Amino acid sequence: MNTFLIIDIGTSSMRGILFDTKGKRLFKDQLSYQPVYHKDGGVLQDAHVFYNHCLNINKKCADFAKKNGYKIVAISMTAQRSSLIPTRNGEPTDKAIMWQDTRVNKLVKVYSAYNEFFIKRSGSRLNAVYLGAKISWLKHNKPDIYNKSDKMFNIPSYLIYHMTGETSTDTTYGSRTNLMNIKTLEWDNDLLKILDISRDKLPSIVKPGEVCGTITKEYADLSGLPEGTPLISAGGDQQCAAMGEGLLNNDSVSINTGTGGYIIKNIDELPEVLTNNLIYNCSSVPNKYILEIDLLACSSILNWFIKNFYGDLNGNFDEVNNDLKSCYDQNINVTSLPYPKGKSVNINDTRIRGAFTNIGLSTTKQDMLYSLVTSLFVEINDGIDILRSYGPISSVIIGGGLTNSKIMNQMQADAYSLQIHKSPITESTAIGALISVLVNQDVYSSFEEAYSQVVYGKSDCYVPNIHNVELFKELNSRKQELYRVLKGTRSGYYKVGNDQKNNGENKDKLINYHKITI
């Protein structure tokens with residue numbers, strides 16, 4: 001029987017899953033890892049972990065297939081999109097700089113005058129999460145590492161190189177670099193010039209869903225995978241997750257409430273004018289685009305609250321759900337800002353932090369919890385309002401960690417005033433990558449047909465509670481007012497005193513090594 005191996009590389013774990021042509025999961029292996037968070041904002045990971053985990057997972061999947069008489073006919077890979085691995089001849093020259101790394105924030109400010117140009121060419125202002133800023137930071141802070149590295153890879157490109165010998169990335173990842181022209185889908189010479197990055201250090205660009213190489217004899221001997229097996233780059237994890245959850249038309253929105261939050265809407269063509277309040281990315285469907293809004297923190301906000309107010313991150317979700325139910329449909333007076341890492345919807349303000357106000361002697365942790373979760377969902381709705389200007393939105397498809405709570409799903413329906421559909425599948429990212437490879441291998445003729453054949457079960461549906469919709473609107477107006485009051489003040493900003501004190505020193509230091517000539 002023909003099977004397809006999906007490699008799904010997340011922020012904290014890597015999975016290998018064998019599927020048949022009908023989406024039946026035959027085997028799964030998963031290995032975890034944990035990046036190291038440093039006080040200076042650095043978030044680092046030994047890059048060899050990704051290679052070793054991928055090899056071990058491939059060995060187990062290949063061994064299972066062989067023992068059960070299955071043939072792995074193709075491999076599809078999806079991954080987190082913006083972590084940097086500098087390499088020489090495929091070997092890491094330094095630790096991986098993970099997407100959460102914030103050391104690059106100060107460098108981004110140096111180039112802020114170019115933001116409109118970056119939006120016009122790359123689809124986004126210069127973004128600290130993206131690869132371009134990370135590569136530029138590496139060049140100016142670790143020039144020896146930059147100079148001895150011949151290729152700057154993200155995680156999937158690093159693994160693709162070791163599995164196939166090819167140096168490639170697809171356009172979904174390219175649109176998360178600030179280095180690829182969002183219209184020509186090629187590396188942009190002017191953007192490279194601004195950030196002073198050598199073009200020859202970047203991999204070639206292919207379309208998502210294309211074969212980017214085949215398994216080499218060397219890797220086949222190491223892993224047990226058949227030599228010559230095609231490897232398809234299915235696209236970034238959020239693009240694949242949206243596809244796997246059923247975002248196949250233009251009048252729905254996909255919301256993924258993971259560690260960070262992602263709001264995605266499909267479009268067929270880029271608008272003539274690209275704006276600062278959206279990110280324009282390539283879709284996993286070739287020659288199509290997505291409008292995207294990223295939240296810097298999402299389920300991580302709830303995890304923080306549970307850890308500090310409930311005492312156990314893993315064992316108290318039932319209590320949390322019951323406390324949310326006890327407050328549901330009530331006018332909670334507490335107002336909160338859901339910005340533990342800054343605000344990114346409609347405005348980029350990475351210095352603002354979370355806050356609670358109107359706390360009295362009668363305030364309970366249940367009130368604070370409900371206010372915090374509600375403020376997160378109405379913040380997401382602010383993002384949906386931006387997407388409404390690009391066409392009708394009839395429903396929302398939800399996925400991610402927070403969707404395991406029925407009360408939170410209902411709260412989302414109320415916050416967005418839209419019907420909410422929760423996909424029946426739990427492996428949405430992997431299913432999206434499976435759909436990509438099934439279309440590539442001509443098992444199905446379209447993404448719609450592939451989706452209909454591999455996704456089973458009925459979606460959970462949540463309808464807005466009109467009374468609670470009104471309460472949420474009122475809470476959102478309080479949230480916006482609180483942000484306006486705290487914005488730019490010592491009470492609302494993170495380490496504002498130190499920033500002001502060292503501003504001149506940092507500025508001089510940065511200018512010295514950021515000589516820009518266009």
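The values are calculated or read from the model by the stated rules, or taken from the named source; none is laboratory data. The structure presented is a predicted model; accordingly, all values stated were derived computationally and were not measured. Neighbour counts run over all protein chains shown; Cβ positions are idealised from the backbone, glycine included. The accessibility values were calculated without ligands, DNA or RNA, using every heavy atom of the protein model including side chains. Shrake-Rupley method; radii C 1.70, N 1.55, O 1.52, S 1.80 Å.
Given the criterion crowded, with 20+ Cβ neighbours inside 10 Å and either part of a helix (DSSP H, G or I) or among the acidic types (Asp, Glu) (or both), identify the matching residue among 436, 452. Among 436, 452, only 436 is crowded, with 20+ Cβ neighbours inside 10 Å and either part of a helix (DSSP H, G or I) or among the acidic types (Asp, Glu) (or both). Residue 208 meets the conditions (1) open to solvent by 10 Å² or more (accessible area, probe 1.4 Å); (2) part of a loop (DSSP other than H, G, I, E, B); (3) under 30 Å from residue 396 (Cβ atoms) in every case but one. The failed one is (1). Considered as a group, the residues in the stretch 405-433 that are open to solvent by less than 20 Å² (accessible area, probe 1.4 Å) and small (Gly, Ala, Ser) include one that is farthest from residue 232 (Cα to Cα), and that residue is 415.
Among the residues that make up the stretch 220-231, is at least one of them crowded, with 16+ Cβ neighbours inside 10 Å and within 11 Å of residue 399 (Cβ to Cβ)? So that I can check it myself, show each step before the final result.
If we filter the stretch 220-231 for residues that are crowded, with 16+ Cβ neighbours inside 10 Å, which is where we start, we get 220, 223-226, 229-231.
From what's left, within 11 Å of residue 399 (Cβ to Cβ): none.
No; the residues of the stretch 220-231 include none that is crowded, with 16+ Cβ neighbours inside 10 Å and within 11 Å of residue 399 (Cβ to Cβ).
Selection of strands (runs of 3 or more DSSP E) fully inside the stretch 1-84 by the criterion of at least 1 residues being more than 22 Å from the chain's Cα centre (by Cα) returns 2-9, 13-19, 25-32, 71-79. Scanning the stretch 119-134 for residues that are in a helix (DSSP H, G or I) and open to solvent by 10 Å² or more (accessible area, probe 1.4 Å) yields 120, 121, 131. Quick one: in the stretch 458-478, which of the residues that are open to solvent by less than 70 Å² (accessible area, probe 1.4 Å) and assigned to a loop (DSSP other than H, G, I, E, B) is farthest from residue 22 (Cα to Cα)? Checking each candidate, the answer is 465. The set of residues from the stretch 25-78 being at pLDDT 95 or above and among the charged types (D, E, K, R) comprises 25, 28, 29, 46, 59, 60, 63, 66, 67, 71.
Answer yes or no as to whether residue 402 is surrounded by fewer than 24 Cβ atoms within 10 Å (Cβ to Cβ) and either at pLDDT 95 or above or not in a loop (DSSP other than H, G, I, E, B) (or both). When the stated conditions are applied, residue 402 passes them.
The residue that is farthest from residue 81 (Cα to Cα), among those in the stretch 300-309 that are in contact (Cβ under 8 Å) with a residue 40 or more places away in the chain and open to solvent by 20 Å² or more (accessible area, probe 1.4 Å), is 309. Restricting the search to the stretch 211-234, which residues are free of Cβ contacts under 8 Å to residues at least 40 places away in the same chain and part of a loop (DSSP other than H, G, I, E, B)? Hits for the stretch 211-234 are 227, 228.
Please work out which residue is most open to solvent (accessible area, probe 1.4 Å), limiting yourself to the stretch 193-205 and to residues that are under 20 Å from residue 151 (Cβ atoms) and of a type in the set (A, V, I, L, M, F, W, C). The qualifying residue most open to solvent (accessible area, probe 1.4 Å) is 205.
Would you mind stating whether residue 426 is within 26 Å of residue 10 (Cβ to Cβ) and either assigned to a loop (DSSP other than H, G, I, E, B) or among the acidic types (Asp, Glu) (or both)?
yes
Restricting attention to the stretch 235-258, the residues being under 16 Å from residue 427 (Cβ atoms), of a type in the set (D, E, K, R) and in a loop (DSSP other than H, G, I, E, B) number 1.
What tally of residues in the stretch 265-316 results from selecting those that are basic (Lys, Arg), outside any loop (DSSP other than H, G, I, E, B) and closer than 22 Å to residue 394 by Cβ?
1
Pairing each residue of the stretch 393-415 that is at positive phi with any residue that is of a type outside the set (A, V, I, L, M, F, W, C), provided the two are 6+ apart or on different chains, yields C-beta distances under 9 Å for 400/256; 400/257; 400/258; 400/259; 400/261; 400/262; 400/299; 400/428. If the condition is being touching a residue at least 60 places away in the same chain (Cβ under 8 Å), of a type outside the set (S, T, N, Q) and surrounded by fewer than 15 Cβ atoms within 10 Å (Cβ to Cβ), then the stretch 317-374 contributes 329, 347. Taking the criterion of being on the phi < 0 side of the Ramachandran plot and surrounded by fewer than 24 Cβ atoms within 10 Å (Cβ to Cβ), the residues of the stretch 156-168 that qualify are 161, 162, 164, 166, 167, 168.
Do we find that residue 181 is more than 19 Å from residue 234 (Cα to Cα), touching a residue at least 12 places away in the same chain (Cβ under 8 Å) and open to solvent by less than 40 Å² (accessible area, probe 1.4 Å) in this structure?
Taking the combined requirement at face value, the residue satisfies it.
When the stretch 91-118 is filtered for residues that are assigned to a loop (DSSP other than H, G, I, E, B) and under 17 Å from residue 177 (Cα atoms), the ones remaining, listed by number, are 98, 99, 100, 101, 102, 103, 104, 111.
From the list 502, 476, 506, 465, pick out the single residue that is at pLDDT below 85 and touching a helix residue (DSSP H, G or I) at 6+ places or on another chain (Cβ under 7 Å). Reasoning before the result, please.
On the way: 502 fails: touching a helix residue (DSSP H, G or I) at 6+ places or on another chain (Cβ under 7 Å); 476 fails: at pLDDT below 85; 465 fails: at pLDDT below 85.
Only one candidate passes the filter, namely 506.
Looking only at residues of the stretch 26-48 that are surrounded by fewer than 16 Cβ atoms within 10 Å (Cβ to Cβ) and touching a Leu at 6+ places or on another chain (Cβ under 8 Å), we find that the one that is nearest to residue 60 (Cα to Cα) is 36. Only one of the listed residues (160, 155, 145) is touching an Asp or Glu at 6+ places or on another chain (Cβ under 8 Å), under 22 Å from residue 6 (Cβ atoms) and aliphatic (A, V, I, L, M). That residue is 160. The set of residues in the stretch 156-208 that are more than 24 Å from residue 14 (Cβ to Cβ), in contact with a Gly (Cβ under 8 Å, 6 or more places away or on another chain) and not hydrophobic (A, V, I, L, M, F, W, C) contains only 178. May I ask you to list the residues in the stretch 383-396 that are closer than 15 Å to residue 412 by Cβ and either open to solvent by 20 Å² or more (accessible area, probe 1.4 Å) or among the basic types (Lys, Arg) (or both)? Result: 385, 393.
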